[in-house]
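Undergrad: Mind having a look at this structure? Questions to follow.
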Amino acid sequence: MYKKLNAANKELNLYKERLKKINGEYFALDKIIGESKEIKQLKKVVSQVANTDSTILITGESGTGKEVFANAIHEISDRRDNNFIKINCAAIPENILESELFGYEEGAFTGAKRGGKAGKFELAHGGTILLDEIGDMSLNMQAKILRVLQEKEVMRVGGYKANKIDVRIIAATNQNLQEKIKKGEFREDLYFRLNVVNLNLPALRERPDDIKTLCDYFITIYNKKFGIYVEQIEDDALQHMIKYPWPGNVRELRNAIERAYNFVNGNTIKTEHLPSKIINQQMFSRVGDLNKILDDVERRSILEALETTKGNKSRAAKILGINRSGLYQKLKKHGIPTNF
Ligand SMILES: Nc1ncnc2c1ncn2[C@@H]1O[C@H](COP(=O)(O)OP(=O)(O)OP(=O)(O)O)[C@@H](O)[C@H]1O
Ligand SMILES: [Mg+2]
């Protein structure tokens, strides 16, 4: 009887563990908002790689959700009950970064605490570390990180003994590391070590399908936060948002919604509640990556042509000087609905 009970208990615990895992994965992935095929595909990759312990490099423009993704990976993984430690490599001066990451021994330098201090890698033991803005790390620090990746151990500043660590490393950057490698500013060997799995987050303007979903999500968030009940965003306002290129990506969208709460006086966010640069897009600065600017100009011209022709594709194609199938290809490329 006792044996049976014991076995049943074990089985129950197993099921509990499984349930916890499924729930954890469900909730963590749900925090990544987006219904576009790009986001769906990325979420699929996230659930596939979350438990592999492989190093992940998350790339994408500022505000595309790199931190959101890193969080989700940790939450889904079996490491979720241990620490998730973030460090912004760009914000910390190099000499301090080293002791922040690796810790230090007592007396390592003037001002060092008695008994020394554990570094971020030690704190992340059993868990995950996010090396944010890795593209801004000095070559000297890059060499030290490479060593950690190779040896899986860290040595405190002023120490003489290395400690083994079990840490999942996620690195993130909005910089083009390949360009940096060409310029000799980023180590190629470190790049290969980090880039075992790459999650390249698309800019918001490349997935306009997500704009409405994100607006609805942020509306729920700010309804709770401000205790104001906004029900929806007016269609005209949404159309402006779909046309706007969002250089600051999801962060900028979030700010635009938050800002609108200051002006809204009914239950609908209207065009007049949006920042003027979203409405008057000619004011938007055109300095940046040339391909992106050209893409953006193409996208806007297509949208304007469709607006002028009230969605008539043949006429829009004529205005744009391309044929109908060419226009359909471009609609697909820019994620513009064919029933626009
Ligand atoms: N897919 C998403 N679902 C929900 N919120 C998102 C998503 N993407 C971004 N956000 C929100 O947008 C803001 C910026 O996201 P995050 O900090 O992850 O961007 P980032 O890529 O790390 O930017 P940076 O390069 O500037 O550090 C946060 O408020 C975050 O909650
Ligand atoms: Mg970030």
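The values are calculated or read from the model by the stated rules, or taken from the named source; none is laboratory data. Bear in mind the structure is a predicted one, so any value in this text is a computation, not a measurement. Heads up, the Cβs are rebuilt from the backbone with ideal geometry, glycines too, and the neighbour counts pull from every protein chain shown. Each accessible area value is taken on the protein alone, full model and side chains, heavy atoms only, with ligands, DNA and RNA left out. Shrake-Rupley method; radii C 1.70, N 1.55, O 1.52, S 1.80 Å.
Undergrad: Looking at the range 1-107, what helices (runs of 4 or more DSSP H) fall wholly within it and have at least 1 residues that are within 16 Å of ligand 1 (Cβ to nearest atom) and open to solvent by 70 Å² or more (accessible area, probe 1.4 Å)?
TA: On the way: elements: 2-30, 37-49, 66-76, 94-102.
Where helices (runs of 4 or more DSSP H) fall fully within the range 1-107 and carry at least 1 residues being within 16 Å of ligand 1 (Cβ to nearest atom) and open to solvent by 70 Å² or more (accessible area, probe 1.4 Å), they are 2-30, 37-49, 66-76.
Undergrad: So, in the range 59-89, how many residues would count as being farther than 19 Å from residue 30 by Cβ and near ligand 2 (Cβ under 10 Å from one of its atoms)?
TA: Going through the range 59-89 one residue at a time, the tally reaches 5.
Yes/no per residue for (1) more than 27 Å from residue 76 (Cβ to Cβ); (2) loosely packed, with under 15 Cβ neighbours inside 10 Å; (3) within 16 Å of ligand 2 (Cβ to nearest atom); (4) in contact (Cβ under 8 Å) with a residue 24 or more places away in the chain:
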{"position": "205", "(1), (2), (3), (4)": "yes, no, no, yes"}
{"position": "215", "(1), (2), (3), (4)": "no, no, no, yes"}
{"position": "219", "(1), (2), (3), (4)": "no, no, no, yes"}
{"position": "227", "(1), (2), (3), (4)": "yes, yes, no, no"}
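Undergrad: When you check residue 166 against the structure, is it outside the structural domain of residue 46 (by TED's automatic domain parsing) and either assigned to a loop (DSSP other than H, G, I, E, B) or buried (at least 20 other Cβ atoms within 10 Å of the Cβ) (or both), yes or no?
TA: Answer is no for this residue.
Undergrad: Pick from 159, 126, 135: which is in contact (Cβ under 8 Å) with a residue 24 or more places away in the chain, within 16 Å of ligand 2 (Cβ to nearest atom) and either buried (at least 16 other Cβ atoms within 10 Å of the Cβ) or of a type outside the set (Asp, Glu) (or both)?
TA: 135
Undergrad: Can you find a residue that is of a type in the set (D, E, K, R), within 28 Å of the chain's Cα centre (by Cα) and more than 28 Å from residue 219 (Cβ to Cβ) anywhere in the range 312-321? First the steps, then the outcome.
TA: Of the residues in the range 312-321, the ones of a type in the set (D, E, K, R) are 313, 315, 318.
Narrowing further to those that are within 28 Å of the chain's Cα centre (by Cα): none.
No, there is no match, as no residue in the range 312-321 is of a type in the set (D, E, K, R), within 28 Å of the chain's Cα centre (by Cα) and more than 28 Å from residue 219 (Cβ to Cβ).
Undergrad: For the range 141-160, indicate whether the set of residues that are at pLDDT 95 or above and hydroxyl-bearing (Ser, Thr, Tyr) is non-empty.
TA: no
Undergrad: Take residue 252 and tell me if it is open to solvent by 60 Å² or more (accessible area, probe 1.4 Å) and either free of Cβ contacts under 8 Å to residues at least 12 places away in the same chain or not small (Gly, Ala, Ser) (or both). Don't jump to the end; show me each part of the working.
TA: Numbers: open to solvent by 60 Å² or more (accessible area, probe 1.4 Å): no; either free of Cβ contacts under 8 Å to residues at least 12 places away in the same chain or not small (Gly, Ala, Ser) (or both): yes.
No.
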